[in-house]
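These notes concern the structure reproduced below.
The values are calculated or read from the model by the stated rules, or taken from the named source; none is laboratory data. Quick caveat, the model's predicted, so the values are computed rather than measured. Don't worry about glycine lacking a Cβ; one is built from the backbone with ideal geometry, like all the others, and counts go over all protein chains shown. These area figures cover heavy atoms from the full protein model, side chains too; ligands, DNA and RNA do not enter into them. Shrake-Rupley method; radii C 1.70, N 1.55, O 1.52, S 1.80 Å.
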Amino acid sequence: MDWSTWHDQYDSADSWMARRLRTVQAQIHAALSKAPAGGLKAISICAGEGRDLLDVLADHPRSDDVQARLVELDPRNTAAALERIGRAGLCQVEVVTGDAALIDRYEDVAPADLVLVCGVFGNITEADIERTIGACSQLCKTGGTIIWTRHRAAPDRVPLICEWFHVQGFELQWLSPVDAGFGVGVHRFVGTPQPLRRGTRLFEFVGYDVLRQTAAAEVLGRGNPTPQDRREP
């Protein structure tokens, strides 16, 4: 999977990816608008080109309040994000080219008011989804918002993801309808932030295409294909 050209699908206004992006952006806008007065912190895990957060900050009235860190492995994507930041004059937004699965990347930004885990849960194993959700109490402040995405192809794991968040002290605020063609969830953290445990790896990025091949191979009893050596988009 080429995670740079993958973003081209966002440019087709009627594509499911473009519709999902607009949905995520609307939820980011709402979360920032509802946030308490004063400085805000935001984290984006596997940020890609940062279109979700950056395009909202470009014209949101609270943009100057937001200190954000976007972490993404592909340097082509981070270059595109930096161009967006430059055009919008978002001087408090930082882009890190590196492994977003390492929790250390967020040490001096966490706990944050807004945490984005978009484009991640459909590309990692279920065990890693649960592990990542379990670590979100280290990333999100009390009263903070987490926004995540996941496809709804069978087996639909969106209900299970919601349950995992509930167990970790996150209250569901909004969930996209089943017939939307994608899953977007918004949760508010009502628990107590936990100290960030340095050295923790949240997940291994496998990729949606490899996961589907693995599932198909298991159904046919042919074993598992070898995952690509990738950790994030």
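A few notes on this one:
- Per residue, the range 83-152 exposes 33 Å² of accessible surface when a 1.4 Å probe is rolled over the protein heavy atoms with every protein chain present.
- Packing around the peptides 146-159, 107-120, 63-76, 185-198, taken as the average count of other Cβ atoms within 10 Å per residue, puts them in this order, highest first: 107-120, 63-76, 146-159, 185-198.
- In this simple spin-label model, placing a label point 7 Å from the Cα along the Cα-to-Cβ direction at both T200 and Q173 gives a separation of 2.1 nm.
- In this view, the solvent-accessible surface of S176, computed with a 1.4 Å probe and all protein chains in place, comes to about 0 Å².
- Value of relative contact order over the range 79-172, rounded to a whole percent, pairs C-alpha under 8 Å and six or more apart: 28
- Projecting label points 7 angstrom from Cα along Cα→Cβ for T125 and S33 puts them 4.2 nm apart.
- Site pair E107 and E94 shows an inter-label distance of 1.1 nm when each label is modelled 7 Å from Cα along Cα→Cβ.
- Counting DSSP beta bridges with both ends in the range 69-212, the antiparallel % (nearest 5): 55
- Residues whose amide H lies under 5 Å from that of V115, counting only those 5 or more places away or on a different chain, are I43, T145, I146, I147; hydrogens are built 1.01 Å from N in the peptide plane.
- Amide H within-cut-off set for V96, under 5 Å, with H built and near neighbours excluded: L70, V71, E72
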